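The values are calculated or read from the model by the stated rules, or taken from the named source; none is laboratory data. These figures come from a predicted structure and were not determined experimentally. Note that we place each Cβ from the backbone using ideal geometry, even for glycine, and neighbour counts take in every protein chain shown.
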Amino acid sequence: MEIEVHTRQRNYPIILEHGVLARAKEVIGECGQPVLISDTGVPEKWRNLLQQQYPQSPMIVVPHGEESKSIAQWSGILSRMLEENVSRKDVVIALGGGVVGDLAGFCAASYKRGIRWVNIPTTMLSIVDSSIGGKTAVDLDGIKNCVGAFWQPSVVLADPEVLSSLSPRLLSEGMAEAVKMGMTHDPGLFALFEHDDYMDHLDEIIYRSLEVKRKVVEHDEEENGERMLLNFGHTYGHAYESYYEMNRYLHGECVGMGMMTILKNPELKQRLSAVLTRLNLPQSCDADREEICQLVQNDKKADHDTITIVQVDELGKGHLEKWNQEEIREGIGL
Ligand SMILES: O=C(O)C(=O)C[C@@H](O)[C@H](O)[C@H](O)COP(=O)(O)O
């Protein structure tokens with residue numbers, strides 16, 4: 001199945017197809033001398049499957065984990081690309097989860113003022129969420145995604161087969177982003193998680209999430225309004241990630257806790273809690289609340305005294321609110 005994403009920067013297809021990684025080269029077509037970027041967390045069989053199709057291309061493999069989304073890794077990869085004589089006609093191919101996509105995408109966005117890139121997500125989180133929309137970034141001084149650019153990929157290859165090698169924890173954290181999109185935009189998507197057989201609907205979960213994301217990105221490519229809704233759960237979620245120095249909880253786990261922190265409607269909160277329990281996702285943590293408030297106030301999206309947060313009072317209808325310092329404190333029960 002092909003989903004076409006229309007943006008001002010460029011239009012591109014998401015190819016959602018079982019087994020598409022095995023025929024990546026055929027689908028991608030002419031792309032100069034590609035540079036492959038992956039991480040040590042991507043099983044060798046997937047890396048080999050891509051490398052076999054591009055035997056002449058260098059594959060740059062960074063260590064697995066959020067620490068790789070750094071200025072040091074970014075600059076190291078750019079130097080390597082220069083060394084490999086990568087030209088403006090060549091293409092970066094990212095194979096991995098959100099970290100690889102964000103890092104490789106930002107390398108593509110910044111190298112020689114921007115070259116094409118292809119994203120091949122290998123985690124649930126990156127398939128349903130981060131691989132589309134063109135947000136590329138690295139972290140700076142503990143602030144997530146502080147340095148980056150909107151740089152849309154040229155093709156996204158979403159192959160659900162790669163999920164077979166994912167741990168249950170990684171699968172669940174990715175589901176958290178799909179749950180989020182259900183909460184803000186698609187009650188039917190959320191409802192799929194309210195039954196124990198949700199894994200039987202994996203393809204539908206992926207498709208519906210991609211459709212939510214596509215529509216939002218098409219309406220608001222650079223996050224001036226509607227796209228902010230995709231930040232549901234992220235304001236406190238990013239603060240939890242920073243508090244634990246990006247290594248105790250996974251991104252999706254923090255988003256789950258962030259949604260529970262911010263949600264006020266008791267009935268919805270109960271439904272979300274039941275879904276998170278089903279997915280084995282944490283709902284709260286022992287972070288110091290004063291420090292969390294401080295981190296929220298320093299969020300890159302805070303606007304001096306206020307921050308725009310996303311609230312959901314009715315399932316499928318996220319809305320934006322401006323919160324001041326006091327409301328941020330109240331939000332976490334201080
Ligand atoms: O694509 C978007 O827009 C999103 O907000 C998706 C988020 O789930 C994702 O975590 C995103 O990378 C966060 O972006 P940021 O702008 O808060 O750094």
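Only one of Val217, Val128, Val138, Val156 is buried (at least 18 other Cβ atoms within 10 Å of the Cβ), within 24 Å of Gln9 (Cβ to Cβ), among the aliphatic types (A, V, I, L, M) and in contact with an Asp or Glu (Cβ under 6 Å, 6 or more places away or on another chain). Can you tell me which?
The match here is Val128.
Asn231 fails exactly one of the following numbered conditions: (1) within 14 Å of the chain's Cα centre (by Cα); (2) more than 17 Å from Val312 (Cα to Cα). What is the number of that condition?
Single failed check for Asn231: (2).
Name the single residue, out of those in the range 234-256 being in a loop (DSSP other than H, G, I, E, B) and not charged (D, E, K, R), that is surrounded by the most Cβ atoms within 10 Å (Cβ to Cβ).
Within the range 234-256, the subset in a loop (DSSP other than H, G, I, E, B) is 244-250.
Those still in the list that are not charged (D, E, K, R) too: 244, 246-247, 249-250.
Values: Tyr244: 14, Met246: 21, Asn247: 10, Tyr249: 21, Leu250: 24.
In this case the residue turns out to be Leu250.
Does Lys264 satisfy the condition of being free of Cβ contacts under 8 Å to residues at least 60 places away in the same chain and of a type in the set (D, E, K, R)?
Judged against the criteria, Lys264 is a match.
For a quick check of your reading: which strands (runs of 3 or more DSSP E) sit entirely within the range 111-219 and have at least 1 residues that are of a type outside the set (Gly, Ala, Ser) and over 24 Å from Lys300 (Cα atoms)? Working first, answer last.
Values: elements: 116-121, 135-140, 143-150, 155-158.
The strands (runs of 3 or more DSSP E) meeting that bar are 116-121, 155-158.
Just one of the numbered conditions (1) of a type in the set (A, V, I, L, M); (2) buried (at least 16 other Cβ atoms within 10 Å of the Cβ); (3) more than 14 Å from Ser154 (Cα to Cα) is not true of Ile71; which one?
(2)
Suppose we keep only residues that are surrounded by fewer than 17 Cβ atoms within 10 Å (Cβ to Cβ) and within 23 Å of the chain's Cα centre (by Cα) within the range 30-44. Which one would you say is farthest from Glu161 (Cα to Cα)?
Thr40
When the range 283-325 is examined, which residues are found to be within 16 Å of the ligand (Cβ to nearest atom) and part of a loop (DSSP other than H, G, I, E, B)?
Residues satisfying the conditions are Asn298, Asp299, Lys300, Lys301, Ala302.
Residues being of a type in the set (Ser, Thr, Tyr) and surrounded by fewer than 19 Cβ atoms within 10 Å (Cβ to Cβ): count how many of those fall in the range 257-270.
Looking only at that region, the number is 0.
Taking Cys146 as meeting all but one of (1) within 11 Å of the ligand (Cβ to nearest atom); (2) out of contact with any Leu (no Cβ under 9 Å at 6 or more places or on another chain); (3) modelled with pLDDT under 95, write down the number of the exception.
(2)
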